[in-house]
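Read-outs: derived from the displayed coordinates by stated rules, not from any lab. From a predicted model like this one, the values you see are computed outputs, not experimental measurements. All Cβ positions, even for glycine, are placed from backbone atoms using ideal geometry, and neighbour counts span all protein chains on display.
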Amino acid sequence: MSGTAIVTGGNRGLGLEVAARLAERGLRVILAARDRAAAEAEAARLRAAGGAVEARTLDVADAASIARFAAELAEPIEILVSNAAVALDGFDARVVAQTLAINYTGATGVVDALVPRLGRGSKVVLVSSAMGELDNLRPAIRARFDPPRDRASISAALADFAARVADGTHAAAGWPSSAYSISKVALNAWTRLAAVELAPRGILVNAVCPGWVQTRMGGRGAPRTIAEGGASILWAATLPADGPTGGFFRDGAPVAW
Ligand SMILES: NC(=O)c1ccc[n+]([C@@H]2O[C@H](COP(=O)([O-])OP(=O)(O)OC[C@H]3O[C@@H](n4cnc5c(N)ncnc54)[C@H](OP(=O)(O)O)[C@@H]3O)[C@@H](O)[C@H]2O)c1
């Protein structure tokens, strides 16, 4: 394969795995991370193994960082893996705000910023989670995301969630006590909208679940290796130009939203 691939949160875990595998396939890989030193170290390691890998700074929670990152890119992009995310301990208004800022606003903001660099046949992969499946939600909350109406309705639902956590009424309103879960529900809803928006330009947009994986986030007790989880992401990142779009997949098979 040829061309440029970008992986956010590329300094460790699944992001690093996907970056390494894409470099092996001959892509020029931009390893984007908020921790520049860690990104440089891993990029150097992958270059020593023969890959064309470059480190760049990107904090997806910071709109200015996303804008700088996008402005520095001149070349077209074939693959964009929006992978960076957090699963923070605890549950309060601060955790909700940080989680949504990174896992939803940040993960989708990177895609929006790079859309002008994406050409026909390019692939966008939003790394999501089974925790974002709609079946986890009460019907009234599910109806806020399914079917997704537009971006504004997703943002309004997230604002309601955050406000209700802040004033202690989220459980009474049917919201779960998981910022991570809601961030991935919203990411999945956004994926469906973006796939429709970008279809006329021939850009494939899919969400993937890597399964429960042995990373810092997943913990040592997780059943899947990083290679197994990474393969689930790579499948969507390397689809043919006439591949599916607007889906949610694990190991190349559709999973329920
Ligand atoms: N592991 C699992 O079991 C599992 C299951 C389902 C879905 N996922 C998803 O898989 C993806 C990768 O997770 P992982 O397991 O590889 O987790 P991880 O090892 O904790 O890695 C998370 C990555 O995201 C980066 N990140 C966090 N906040 C960031 C920010 N504001 N800007 C830029 N980068 C940021 C981290 O960078 P720092 O090093 O700077 O923190 C790190 O590189 C995530 O989307 C996660 O939700 C994982």
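Counting 0.36 nm for each residue step from Ala227 to Ala71 and taking away their Cα separation leaves a gain of 52.9 nm.
Summing charges over neighbours of Glu75, with a neighbour being any other residue whose Cβ is under 14 Å away from its Cβ, gives 0 when K and R count +1 and D and E count -1.
What does the net charge come to around Ala49 if you take all other residues with beta carbon closer than 12 Å to its beta carbon, with K and R at +1 and D and E at -1?
Values: positive: Arg21, Arg45, Arg47; negative: Glu24, Glu42.
Residues close to Ala49 contribute a combined charge of +1.
From the Cα trace of region 43-145, what convex hull volume per residue do you get, rounded to a whole Å³?
Per-residue hull volume (Cα only) is 161 Å³.
Summing +1 for each Lys or Arg and -1 for each Asp or Glu among the other residues whose beta-carbon sits under 13 angstrom from that of Glu228 gives +1. Each stretch of four or more DSSP H residues adds -39500 (n - 2.57); spread over every residue of the chain, this sum gives -12500 deg cm²/dmol at 222 nm. Placing unit charges on the Cβ atoms of the charged side chains and taking the dipole of the chain about its Cα centre, the candidate lying farthest along the positive direction among Leu46, Asn11, Ala63 is Leu46.
Database remark: amide H of Gly119 closer than 5 angstrom to the amide H of Ile77 (H placed geometrically; neighbours at sequence offset of 5 or more, or on other chains; Pro and chain starts carry no H).
With 31 Å as the cut-off, how large is the P(r) tail for the chain, expressed as percent of Cα-Cα pairs? List each step's numbers first, then the result.
Details: 6289 of 32896 pairs.
Everything past 31 Å amounts to 19 percent.
Taking only the alpha carbons of region 1-55, we obtain Rg and Dmax values of 9.4, 28 Å in that order.
Pairs of Cα atoms in region 59-210 fall into 5 Å distance bins, from 0 up to the last occupied one, in shares of 2, 10, 19, 22, 21, 13, 8, 4, 2, 0 percent. Modelled spin-label separation between Ala52 and Ser153, with each label point placed 7 Å from Cα along the Cα-to-Cβ direction: 4.3 nm.
Sequence-distant contacts, meaning Cα pairs under 8 Å at least 6 residues apart, place the relative contact order of the chain at 19 percent.
3J(HN,Hα) along region 188-201, derived from phi through the Karplus expression 6.51 cos²θ - 1.76 cosθ + 1.60 where θ = phi - 60°, amounts to 5, 4, 4, 4, 5, 5, 5, 4, 5, 4, 9, 4, x, 8 Hz, with x in place of Gly and Pro. Of all beta bridges that DSSP places with both ends in the chain, some 5 percent have antiparallel geometry.
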